[in-house]
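The values are calculated or read from the model by the stated rules, or taken from the named source; none is laboratory data. Since the structure is predicted, the reported quantities are computational estimates derived from the model, not experimental observations. Here the Cβ is made from the backbone with ideal geometry for all residues, glycine too, and neighbour counts use every protein chain on show.
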Amino acid sequence: MFVAAACALAAYKLRRPVRTYVNRKTNMILAGGRHLMKINYTIGFKSKGKVVALHLDVLINAGMSIDVSPIIKFWCLVI
């Protein structure tokens, strides 16, 4: 049974919100693995080491459907 379905059933029966926590291995099985990415970057520095420019090319293998890939790409750039 999918975790989301189990949570929905538990919330329905208990008439309150429920939350589940799974370990990394289970999460990877449920989520279908990680998104393959290729990231190329160029960084510009001042003579004292201060970063003044950053150019990123991020390619993400989303497969045949977009699903949550744009969100994953956003978070990989923000974090």
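When the residues of region 54-67 are filtered to those that are free of Cβ contacts under 8 Å to residues at least 12 places away in the same chain and aliphatic (A, V, I, L, M), the one that is nearest to Ala31 (Cα to Cα) is Ile66. Give me the pairs, please: first residue somewhere in region 37-53 and more than 27 Å from Val68 (Cα to Cα), second residue anywhere and at pLDDT 95 or above and part of a loop (DSSP other than H, G, I, E, B), beta-carbon distance under 6 Å, and either six or more positions apart or on two chains. Taking only residues 6 or more apart or on different chains, the pairs are Val52/Lys46.
Give the residue that is surrounded by the most Cβ atoms within 10 Å (Cβ to Cβ), with candidates limited to residues of region 18-61 that are under 27 Å from Ala6 (Cα atoms) and small (Gly, Ala, Ser).
Applying the first criterion (under 27 Å from Ala6 (Cα atoms)) to region 18-61 yields 18-35.
Retained after the next criterion (residues that are small (Gly, Ala, Ser)): 31-33.
Numbers: Ala31: 11, Gly32: 9, Gly33: 7.
The selected residue is Ala31.
The residues of region 9-53 that are among the charged types (D, E, K, R), part of a loop (DSSP other than H, G, I, E, B) and farther than 21 Å from Phe74 by Cα, listed by number, are Arg15, Arg16, Arg19, Lys46, Lys48, Lys50. Look at region 3-22: where a residue is without any contact (Cβ under 8 Å) to a residue 24 or more places away in the chain and a partner is assigned to a loop (DSSP other than H, G, I, E, B), sitting 6+ places away or on another chain with Cβ atoms under 8 Å, you get Ala6/Thr20; Cys7/Val18; Cys7/Arg19; Cys7/Thr20; Ala10/Val18; Ala11/Pro17; Ala11/Val18.
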